Amino acid sequence: MNHKKLGWLLFCVLSTLSTQAQPDRWQQRIRYNMKVDMDVTTNRMKGISKIEYFNQSPDTLYRLFFHTYWNAFQPGSSMDVRSRELGKNKLFESGRGSDGLDWDERVKDRISKLTPTEIGYQRISQLTINGVPQKLKDHETILEVILTKPVLPKSKINIDLQFEAQVPLQIRRSGRDNKEGIRYSMSQWYPKMVEYDYQGWNANPYIAREFYGVWGDYDVQISIDKNYLVAAGGDLLNPQETGFGYPGGEAAKVPAGEKITWKWQANNVHDFMWAADPTYKLITRNLSNGPLIRVVYKKVDSLEVNWQRLADSMVSAYPIIARTFGAYPYKTYTFIQGGDGGMEYPMATLIKSASIGTAIHEWMHSWFQMLMGTNESLYPWMDEGFTDYATNRVMAEMKRQTGFYYNGSYRSYFALVRSGYEEPASTHSDHYNTNYAYSVASYSKGAVFLAQLGYIVSDSVLDKILLSYYNTWRFKHPNPNDFIRIAEKESGMELDWYKEYWINSTKTIDYAIGDINLVAGKAMVNLRRVGKMPMPVDVLVTYKDGTQELHTIPLNLMYGTKPQDGNIPMVQHEAWRWTHPEYAMEITRSLKDIKSIEIDPSGRLADVNKVNNKLVVPE
């Protein structure tokens, strides 16, 4: 069977399986067929792209947009100016960077210093739709296509374009000749269609960070000097010609001529990344009931054991990942040395070094971005935050750690609150006032969102939510409300208030233990809500005889309460109305029996002032 037909059949099967329990939401569809020729002397490439674009929306489209990311790597670009502007801020509280400035340490003012042979660019020389030339309008990293004929709902168009590009000196994610000596880290390398969804076009200029793409299929042919080994996020169709996938990575057959054409395919993904270097080596690991793991790296004898250890660690990590977050649905996953740290893409990641923690973080992006395809520009916390939560959890379980896994995320969030720089996590990724506020809101506060959700609904219910989210929304583009609805269905509670307070505001949580009085022989504890964000409250009462009770007080906005969570006997109380700053909690035993009272003994409540959370009753 023709591999294109096979790929389309696979997509149909996957779509059928993944949508059986999914909401009926339209989304666009695309198919790329690209051929590129790379000149390793000039660091330039020429390419042709044949695109089938399926407008599955109910809307008529009068224009199209393409991302041309590499145009950001030119002096005076929006990315350059924005980086230098943020670099003027000295944030003493944040501990950012070696110089204390707020810019991205990897970018700083480097773009402004690029020479003509070091800059990046992507230029489309010709674009036709169904054979008709279209008018193009350049907006730096966004190319607008002004259509001669609108694209009707439920229709398909054929786009043919020719482009040329110069690979920039590696500065951010993509580029050539990074600090580790990798020749080419080819991410954001092709003219990529902008996503059109229920909110319209998402034509975000490339300023700093996040991405969003159309689900589709990729057939990519890369012609490059025969001395180079090419790794990519996909499946290699001609391994015998290239040698990739064989022990040690040696070529089984090197064809005559100066170049080899590598033929890659990736189906049901929303991006395609590749990398190339003449010194690349290959490690493989076969996972039981999982994908083939590839680790591609620049061989340095002293570091060889680290890359082997990374490959072995992924074998250990996968069973934990699969049972907690769902099975990985593709045949391969590749860790490729390159880029400027760690950056995720479908079926592969660029990773600077053999860091196991970074590798697991990037692989977890396969669940919370590559399978979900959330709009990272609008909801980075659903990607980075959920991935951070998952990384902490997987790493802790691999190490057989006990206790609370997420203290680092909580500490980071608390530091942001103290700094005064916090902005709502609903802020657009590129429009935060500081890089510091973006980073903590997206990563740490996003991770706390999940850990604290376990506090609200119980950790056992949270586990059900995570798997239900995977089963319901993979290969879709879920938004925050979609996740909350899954959480509500699994928990039987109303949780929209939690998203509104935690994501759309900067209100903080602070609960305190007040007075204890004896009323009719029973202890009556006065609890106070000092902060502006209401939450359910767990209160641990420890008695002098060594016994304990966990008193749980739901929030009235929840219209429900969590089940038993742990082995300590739990006492259910009436709901605390969010409008009321105080609550009287009754303890059935006498005051003289009580040793201590503590709010949130689990540490999952992101209470910004824990000093007032515990009271030891005097003898």
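Between ASP593, ASP600, which is within 18 Å of ILE553 (Cα to Cα), touching an Asp or Glu at 6+ places or on another chain (Cβ under 8 Å), in contact (Cβ under 8 Å) with a residue 12 or more places away in the chain and of a type in the set (D, E, K, R)?
It is ASP600.
So, restricting to strands (runs of 3 or more DSSP E) that lie completely within segment 312-359, which ones have at least 1 residues that are farther than 20 Å from TRP264 by Cα and of a type in the set (Val, Ile, Thr)?
Counting at least 1 such residues, we get 348-351.
In segment 34-142, which strands (runs of 3 or more DSSP E) lie fully inside it and hold 2 or more residues that are more than 22 Å from ALA275 (Cα to Cα) and open to solvent by less than 60 Å² (accessible area, probe 1.4 Å)?
In segment 34-142, the matching strands (runs of 3 or more DSSP E) lie at 44-55, 61-67, 121-129.
Looking only at segment 356-374, filter to residues that are of a type in the set (S, T, N, Q) and out of contact with any helix residue (DSSP H, G or I) (no Cβ under 8 Å at 6 or more places or on another chain); which one of those is farthest from ALA322 (Cα to Cα)?
The selected residue is THR358.
Within segment 230-259, how many residues are modelled with pLDDT under 95, open to solvent by less than 50 Å² (accessible area, probe 1.4 Å) and touching a Pro at 6+ places or on another chain (Cβ under 7 Å)?
Summing the residues that are modelled with pLDDT under 95, open to solvent by less than 50 Å² (accessible area, probe 1.4 Å) and touching a Pro at 6+ places or on another chain (Cβ under 7 Å) in segment 230-259 gives 1.
From the residues in segment 576-597 that are surrounded by 17 or more Cβ atoms within 10 Å (Cβ to Cβ) and in contact with a Ser or Thr (Cβ under 9 Å, 6 or more places away or on another chain), which one is nearest to ASP538 (Cα to Cα)?
Checking each candidate, the answer is ILE597.
Among the numbered criteria (1) crowded, with 16+ Cβ neighbours inside 10 Å; (2) within 20 Å of GLY233 (Cβ to Cβ), which one does THR324 miss?
(2)
Given the options ILE119, ILE111, ILE142, name the one that is in contact with a Phe, Trp or Tyr (Cβ under 9 Å, 6 or more places away or on another chain) and under 30 Å from TRP26 (Cβ atoms).
Selected residue: ILE142, the only one of ILE119, ILE111, ILE142 that is in contact with a Phe, Trp or Tyr (Cβ under 9 Å, 6 or more places away or on another chain) and under 30 Å from TRP26 (Cβ atoms).
Let me spell it out: the conditions are (1) surrounded by 21 or more Cβ atoms within 10 Å (Cβ to Cβ); (2) within 17 Å of ALA451 (Cα to Cα), and VAL525 meets all of them except one. Which number is the exception?
(2)
How do the pairs read when you match residues in segment 158-178 that are aromatic (Phe, Trp, Tyr) with residues anywhere that are part of a loop (DSSP other than H, G, I, E, B), using Cβ under 9 Å and keeping only pairs 6 or more apart or on different chains?
Sorted first by the residue in segment 158-178, then by its partner, the pairs are PHE163/THR68; PHE163/TYR190; PHE163/PRO191.
Of everything in segment 260-307, what is open to solvent by 30 Å² or more (accessible area, probe 1.4 Å), in a strand (DSSP E or B), of a type in the set (S, T, N, Q) and closer than 24 Å to SER366 by Cα? Give them in sequence order.
If we filter segment 260-307 for residues that are open to solvent by 30 Å² or more (accessible area, probe 1.4 Å), which is where we start, we get 261, 263, 278-279, 281, 284-286, 288-290, 292, 298-306.
Retained after the next criterion (residues that are in a strand (DSSP E or B)): 261, 263, 281, 284-286, 292, 298.
When the remaining residues are screened for being of a type in the set (S, T, N, Q), the result is 261, 284, 286.
Listed by number, the residues that qualify are THR284, ASN286.
Looking only at helices (runs of 4 or more DSSP H) that fall completely inside segment 388-483, which ones have 2 or more residues that are within 24 Å of PRO319 (Cβ to Cβ) and either in contact with a Lys or Arg (Cβ under 7 Å, 6 or more places away or on another chain) or polar (S, T, N, Q) (or both)?
445-457, 459-473
So that you can scan it fast, the table gives a plain yes or no per residue for (1) small (Gly, Ala, Ser); (2) farther than 15 Å from ARG604 by Cβ; (3) modelled with pLDDT of 95 or more:
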| residue | (1), (2), (3) |
| --- | --- |
| MET395 | no, yes, yes |
| ARG411 | no, no, yes |
| SER426 | yes, yes, yes |
| SER429 | yes, yes, yes |
| TYR432 | no, yes, yes |
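Determine, yes or no, whether ILE553 is open to solvent by less than 40 Å² (accessible area, probe 1.4 Å), farther than 19 Å from ILE509 by Cβ and among the hydrophobic types (A, V, I, L, M, F, W, C).
Criteria not met by ILE553.
Condition first: part of a helix (DSSP H, G or I) and either more than 18 Å from ALA447 (Cβ to Cβ) or in contact with a Pro (Cβ under 7 Å, 6 or more places away or on another chain) (or both). Now tell me which residues in segment 360-386 satisfy that.
Step one: list which residues in segment 360-386 are part of a helix (DSSP H, G or I), which gives 360-370, 380-386.
Answer for segment 360-386, where residues must be part of a helix (DSSP H, G or I) and either more than 18 Å from ALA447 (Cβ to Cβ) or in contact with a Pro (Cβ under 7 Å, 6 or more places away or on another chain) (or both): MET370, MET382.
Quick check on this structure: which one of SER98, SER155, SER125 is at pLDDT below 95 and farther than 30 Å from VAL40 by Cβ?
SER98
So which residues in segment 343-380 are buried (at least 21 other Cβ atoms within 10 Å of the Cβ) and of a type in the set (Gly, Ala, Ser), if there are any at all?
Result: ALA348, ALA354, ALA359, SER366, GLY373.
Would you mind finding the one in VAL145, VAL214 that is out of contact with any helix residue (DSSP H, G or I) (no Cβ under 7 Å at 6 or more places or on another chain), open to solvent by less than 10 Å² (accessible area, probe 1.4 Å) and not in a loop (DSSP other than H, G, I, E, B)? Steps first, answer last, please.
Working: VAL214 fails: not in a loop (DSSP other than H, G, I, E, B).
Residue meeting the stated conditions: VAL145.
Of the conditions (1) surrounded by 21 or more Cβ atoms within 10 Å (Cβ to Cβ); (2) closer than 23 Å to TYR410 by Cα, HIS477 satisfies every one except a single condition; which number is it?
Only one criterion is unmet by HIS477, namely (2).
Which one of these is modelled with pLDDT of 95 or more and within 19 Å of ALA425 (Cα to Cα): ILE465, ILE456, ILE484? Write out each step before concluding.
Details: ILE465 fails: within 19 Å of ALA425 (Cα to Cα); ILE456 fails: within 19 Å of ALA425 (Cα to Cα).
From the options ILE465, ILE456, ILE484, the qualifying one is ILE484.
Scan segment 151-209 for residues that are aliphatic (A, V, I, L, M) and under 22 Å from MET347 (Cα atoms) and jot them down. Lay out the reasoning, then the answer.
Step one: list which residues in segment 151-209 are aliphatic (A, V, I, L, M), which gives 151-152, 157, 159, 161, 165, 167, 169, 171, 182, 186, 193-194, 203, 207-208.
Residues satisfying the conditions are ILE182, MET186, MET193, VAL194.
The values are calculated or read from the model by the stated rules, or taken from the named source; none is laboratory data. As the structure is a prediction and not an experimental result, all values here were calculated from the model. Every residue, glycine among them, receives a Cβ derived from its backbone with ideal geometry; neighbour counts consider all protein chains shown. Each accessible area value is taken on the protein alone, full model and side chains, heavy atoms only, with ligands, DNA and RNA left out. Shrake-Rupley method; radii C 1.70, N 1.55, O 1.52, S 1.80 Å.
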